[in-house]
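> The structure follows.
The values are calculated or read from the model by the stated rules, or taken from the named source; none is laboratory data. The structure displayed is predicted, hence computed values, not measured ones. Cβ coordinates were reconstructed from backbone atoms using ideal geometry, including for glycine residues, and neighbour counts include every protein chain displayed. Just the protein is used for accessible areas: all its heavy atoms, side chains included, with ligands, DNA and RNA removed. Shrake-Rupley method; radii C 1.70, N 1.55, O 1.52, S 1.80 Å.
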Amino acid sequence: MSASEARFAVLRQSADPEAVAAIERLVTDAPDAALNRVNVLDFARSHHLNEERTIAAFLHTARLGLFDLSWNVLCPGCGGVLTSNASLKTVQREAYSCALCAAGYEPTLDEMVEVAFTVNPRVRKIAAHDPHSLPMWDYMRQMFWGSGQDLPQGTAFDDFLQEAVIESVELPPGEKAYLSLQLPAHFVIVFDPITHSAHFLDVQGEPTRERQSFEVVFNKVHAPTGTVTMRPGPLRLTLDNQTDQRVLPAVYVASDALHHLLGKRKPFLTAKRLLSNQTFRDLYRTETLDIDQRLKITSLTFLFTDLRGSTELYERVGDLVAYDMVKAHFQVLHAVVAAEAGAVVKTIGDAVMATFPTPDRAIAAALRMREAMRELNAQNQREDLVLKIGLHEGPCLAVSLNDRLDYFGQTVNIAARVQGLATASSIFATEPVVEHPGVASLLQAAGLTALAQCHQLRGIANALTVFEIP
């Protein structure tokens, strides 16, 4: 048995069998491009697999060395990969600049950082392991754009090139190229994906027969993107590669075809979603962020729970029985959180703090938790486990605290305060949670009506509208 076969044998014992079988077929039968920066959500959809179980399976492949996990910072404008990181620890707080979009962006873990999986070269060697050997347009498809870019396939991509690209060239290190072009009366972009440099030509006015000249120098200095005004007509374009690697410049017309291609996206696995995945937290407990690293999340839903009267419970039934009951309650909550695409951040005494990528997932978990406590109480034939639940959604910072991934900010504080309002078995949630489109459907299906209340929470300056879900 080879080392890869042994790892797959271990994978079959730790992950969903259907997902593992699909991954094995991928490694064995798929073309090289399909094994580079695998979009897990797209993979699950195309193979009719459960998303959460597929994410878990790929996380196990990364842990076993079958695939390599990458954290790619994306430009929200064009979908290009601004930098690829083997660890989230190397993603910086400072703004990343996209020359193609002439804009800078402070990274957030919502849609700017994708998580993708590439087969390990010891398992199968693919062309993308040596990206500088890829033909130009294969490089663009496999290395420049992220896994969420919905690129046309086959002849449709060739049609795009015919419409949007005036000229392209592969330029070895230290060499120059001289191109003779006819500039159309359109905005034109000279862009190289290797150095991520762009130059804009604003072509306007009366056509000219006189040959114009323009020179682009490629080096490792990230100069600001500039715009030069030119007239329609002949152009002598000089391309000078002063780097130690090839460059792949192309001259693009900023046409509808280009804008359509750059704007067409499909769902992909974001860093935010992965950080709220229970399997990820279990497998990568202390390897996520550096101690001084702070990364923004623009929207995350927090759920806090606590057992009502837990001190009296220990007094009433004794330490041993109470411990078993509380332990059983924790097991149920962990299972519910994981099933709803969430993750338990930590437990504090009898309380739980969990995160979810969207409010509807969090509300679904809260409803299932409440029902699970009723079932546990029915089994015990006594109403000992009464769960208080509070939820809030908003921005936060992902941080490392006590060697674990944690979260910081006012959103977390408010969620904890809202949980403190809960009594009996009612669920309390803030307005951003209840107003989420998916939450209304869930409550309607359950025959529940959220009742608005106004509360002044401790430590929060302004009163908040909080909804009770009875």
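> Since T298 meets every condition but one in (1) modelled with pLDDT under 90; (2) farther than 25 Å from L387 by Cα; (3) open to solvent by 30 Å² or more (accessible area, probe 1.4 Å), which condition does it not meet?
It is condition (1) that T298 fails.
> Is there a residue in region 111-118 that is charged (D, E, K, R) and touching a helix residue (DSSP H, G or I) at 6+ places or on another chain (Cβ under 9 Å)?
yes
> Between a residue in region 347-372 that is more than 13 Å from P432 (Cα to Cα) and any residue that is basic (K, R), which pairs come within a Cβ distance under 7 Å, given they are 6 or more apart or on different chains?
Close Cβ pairs satisfying both conditions: M353/K346; P357/K272; P357/R273.
> Can you confirm whether T358 is of a type in the set (V, I, T), open to solvent by 20 Å² or more (accessible area, probe 1.4 Å) and within 24 Å of D110 (Cα to Cα)?
yes
> Could I ask something else about it? For region 451-470, which residues satisfy the criterion of being of a type outside the set (V, I, T), surrounded by 11 or more Cβ atoms within 10 Å (Cβ to Cβ) and in a strand (DSSP E or B)?
Those that are of a type outside the set (V, I, T), surrounded by 11 or more Cβ atoms within 10 Å (Cβ to Cβ) and in a strand (DSSP E or B): L451, Q453, H455, L464, F467, E468.
> Now for a separate question. Considering only residues that are in contact with a helix residue (DSSP H, G or I) (Cβ under 9 Å, 6 or more places away or on another chain) and assigned to a strand (DSSP E or B), look in region 408-450 and name the one that is surrounded by the most Cβ atoms within 10 Å (Cβ to Cβ).
A429
> State which residue is nearest to A33 (Cα to Cα) when the search covers only region 124-168 and only residues that are among the aliphatic types (A, V, I, L, M), open to solvent by less than 30 Å² (accessible area, probe 1.4 Å) and outside any helix (DSSP H, G or I).
Ranking the candidates gives I126 first.
> Looking only at residues that are in contact with a Ser or Thr (Cβ under 7 Å, 6 or more places away or on another chain) and touching a residue at least 60 places away in the same chain (Cβ under 8 Å) in region 72-108, which one is most open to solvent (accessible area, probe 1.4 Å)?
So, considering only residues that are in contact with a Ser or Thr (Cβ under 7 Å, 6 or more places away or on another chain) and touching a residue at least 60 places away in the same chain (Cβ under 8 Å), the one most open to solvent (accessible area, probe 1.4 Å) is A102.
> Restricting to region 270-293, and then to whatever is part of a loop (DSSP other than H, G, I, E, B), in contact with a Ser or Thr (Cβ under 9 Å, 6 or more places away or on another chain) and not aliphatic (A, V, I, L, M), can you tell me which residue is surrounded by the most Cβ atoms within 10 Å (Cβ to Cβ)?
My answer is S276.
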